[in-house]
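> Once you've had a glance at the structure underneath, I'll fire off some questions.
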Amino acid sequence: MAFELVQILQGSLSLIFVVLSLIVGINILLKYFTYKERVFALVGFAWIGLPSPYYPDAINFVLIVVFNATSDSIPPLGEVACFIIGYALIPLFLMSWLTALTDFLYEKKQKLILIVFLIISVIFEVLFFYFLFTDLSLIGIFITPFQIRWSIFMQLYLLSIILVVIFTGILFARKSFKSESAEVRLKGRFLLAAFISFAIGAIIEALVNLDPLIVILTRSILISSAIEFYFGFILPDWFKNRILKEG
């Protein structure tokens, strides 16, 4: 398959973002075994899954480059597999994040919040899989192996996910700002930056026609969000000491 520049950038930068996010998520998750605090398991699992819409791009890029899988518009993984890998499990990952959030901020309302989200998630999953096996165009149409023209159903769903992520991320970060610990407040700043970066990158990709410059911009913002998220939960000592000393 002859790659256009925009497709090379989409595939390669998606691969970088996915690998980096996996490293960050797994590192946070492994902290559970050290501190025995479930927030690390919940947040680590959530961050592993949050970039799942970019997993198909990364896998398709590897299949095309390494195994010479060819296609003009249909991704090597196949449309159904791409939709399942990228989007079917988003509610599960978001449930993990909301559980962590409500552990800290809304413990008394946790069951209500999670039950409401579970009901909404079940409705989405039923519609998603119904469309998946009856009419794929009701989810989206692949223009290239790395670009999808989304249906209204998916546009509204993905926009709602982005809004939930940014809103809850801000709430989580604000909790850190109220701490008497300078280290915790510093982590809060990185968390806030991470969620804002993720939302900006995802929204631009959803609303703007992709060209090489836009792809570089959005994927760079997304990559920075993974780094910021890591600093927000596992602040390296060398960086913490330098910043707090300067502050």
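> Could you tell me which of the residues PHE128, PHE117 is surrounded by 13 or more Cβ atoms within 10 Å (Cβ to Cβ), out of contact with any Leu (no Cβ under 9 Å at 6 or more places or on another chain) and among the hydrophobic types (A, V, I, L, M, F, W, C)?
Matching residue, one of PHE128, PHE117: PHE128.
Let's see how each residue does on (1) farther than 19 Å from ASP103 by Cα; (2) of a type in the set (S, T, N, Q):
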| site | (1), (2) |
| --- | --- |
| THR144 | yes, yes |
| ARG149 | yes, no |
| SER176 | no, yes |
| SER179 | no, yes |
| ALA182 | yes, no |
| GLY188 | no, no |
| ALA202 | yes, no |
| TYR230 | yes, no |
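> Just give me the residues in the stretch 70-109 being crowded, with 16+ Cβ neighbours inside 10 Å, within 26 Å of LEU42 (Cβ to Cβ) and of a type outside the set (A, V, I, L, M), in sequence order.
Selection gives PHE83, GLY86, TYR87, PRO91, PHE93, SER96, TRP97, THR99, THR102.
> Considering only the stretch 169-183, I want to know if a residue exists there that is within 30 Å of SER151 (Cβ to Cβ), of a type in the set (Ser, Thr, Tyr) and either surrounded by 15 or more Cβ atoms within 10 Å (Cβ to Cβ) or in contact with a Lys or Arg (Cβ under 6 Å, 6 or more places away or on another chain) (or both).
Within the stretch 169-183, not a single residue is within 30 Å of SER151 (Cβ to Cβ), of a type in the set (Ser, Thr, Tyr) and either surrounded by 15 or more Cβ atoms within 10 Å (Cβ to Cβ) or in contact with a Lys or Arg (Cβ under 6 Å, 6 or more places away or on another chain) (or both).
> Residues of the stretch 86-116 being free of Cβ contacts under 8 Å to residues at least 24 places away in the same chain and closer than 20 Å to ALA173 by Cβ, which ones?
Answer for the stretch 86-116, where residues must be free of Cβ contacts under 8 Å to residues at least 24 places away in the same chain and closer than 20 Å to ALA173 by Cβ: THR102, TYR106, GLU107, LYS109, GLN110, ILE113.
> Quick one: which helices (runs of 4 or more DSSP H) sit completely within the stretch 133-247 and have at least 2 residues that are touching a residue at least 40 places away in the same chain (Cβ under 8 Å) and within 18 Å of the chain's Cα centre (by Cα)?
By residue number, 152-177, 182-207, 212-233.
All of the numbers you see were taken from the coordinates with simple rules; none came from a lab. In this text, all values refer to a predicted model and were calculated from it rather than measured experimentally. A quick note on method: Cβ atoms are made from the backbone with ideal geometry, for glycine too, and the neighbour counts reach across all protein chains shown.
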